[in-house]
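The structure appears below as structure tokens.
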Amino acid sequence: MSGEIAYFVYYAIIGFFIGSFVLRTYRGRMGTMLQQMLIWFLIFMAAVIVYGFKDQIQRQLFPSQGVVSVDAISVMRSSDGHFYADMRANGARVLFVIDTGATDIVLNTQDAKNAGIDLESLRYLGIAETANGAVRTAQTTLDTLEFSNQVDRNLRVFVSEGRMDISLLGMAYLRRFTRLEIIEDTLFLYP
């Protein structure tokens, strides 16, 4: 307890001297001081907000659509360590996390709805084991799934009844490639 009081007194003394200096410097110009304090506060808050939403901003500005080269599709690793594929499911934009630990293509309910799948007609008969436990799934078909100018038709997918932040692109899709390779921060998918 005495250590906490000592810290409080220490910071109070430092705050007193800094406050005194600021007030003496801006004597007679309080309006200017308040204006500059507000500007610095707004700059600080903007920096905090940008930092807090950096992953979402980065995904919006630089979506991982995959870059097609002569030999492979390349996807850059995101700052969170995952690889994301910006794809079109039945023409609707869907962001997938590339998950080699997932067996199938699994859509969350919002992405399934955006892709034109009638959620009311789905029958959740399957069970999938996830990191968050078992969830019920419904099997359905996507008419088209497009990734970097490669279009696959009539793909079997699953819709998760459980809460998922992002859809999963599992091995059912990744097996379409002859080879997957990660070099530093780039995933290469070879047709």
Scan the stretch 167-185 residue by residue and report those that are assigned to a strand (DSSP E or B) and either farther than 16 Å from Phe96 by Cα or touching a Leu at 6+ places or on another chain (Cβ under 6 Å) (or both).
Ser167, Arg179, Leu180, Glu181, Ile182, Ile183
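Rundown of residues vs (1) over 30 Å from Asp71 (Cα atoms); (2) without any contact (Cβ under 8 Å) to a residue 40 or more places away in the chain; (3) among the charged types (D, E, K, R), yes/no style:
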site	(1), (2), (3)
Asp99	no, no, yes
Gly116	yes, yes, no
Ala128	yes, yes, no
Gln150	no, no, no
Leu187	no, no, no
Go through (1) farther than 21 Å from Tyr173 by Cα; (2) at pLDDT 90 or above one by one and return the number of the condition Gln110 breaks.
(1)
Enumeration of residues in the stretch 139-152 that are part of a strand (DSSP E or B) and touching a strand residue (DSSP E or B) at 6+ places or on another chain (Cβ under 7 Å)
Gln139, Thr140, Thr141, Leu142, Asp143, Thr144, Leu145, Glu146, Phe147, Val151, Asp152
Write out, first by first residue and then by second, each pair whose Cβ atoms fall under 7 Å of each other, whose residues are 6+ apart or on separate chains, and whose first residue, in the stretch 157-173, is outside the structural domain of Val94 (by TED's automatic domain parsing) while the second is assigned to a helix (DSSP H, G or I).
none
Subset of the stretch 70-97 that is without any contact (Cβ under 8 Å) to a residue 60 or more places away in the chain and among the polar types (S, T, N, Q) - its residue that is farthest from Ser167 (Cα to Cα):
Ser79
Could you identify the single residue in Ser79, Ser64 that is modelled with pLDDT under 90, part of a loop (DSSP other than H, G, I, E, B) and crowded, with 17+ Cβ neighbours inside 10 Å?
Ser64
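This table checks each residue for (1) closer than 20 Å to Val94 by Cα; (2) in a helix (DSSP H, G or I); (3) among the aromatic types (Phe, Trp, Tyr).
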{"residue": "Ala112", "(1), (2), (3)": "yes, yes, no"}
{"residue": "Glu129", "(1), (2), (3)": "no, no, no"}
{"residue": "Thr137", "(1), (2), (3)": "yes, no, no"}
{"residue": "Asn154", "(1), (2), (3)": "yes, no, no"}
{"residue": "Arg163", "(1), (2), (3)": "yes, no, no"}
Subset of the stretch 150-170 [closer than 17 Å to Tyr84 by Cβ and hydrophobic (A, V, I, L, M, F, W, C)]
Met164, Ile166, Leu168, Leu169
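The values are calculated or read from the model by the stated rules, or taken from the named source; none is laboratory data. Note that this is a predicted model, so its numbers are computed, not measured. Here Cβ is always computed from backbone atoms with ideal geometry, including for glycine, and neighbour counts include all displayed protein chains.
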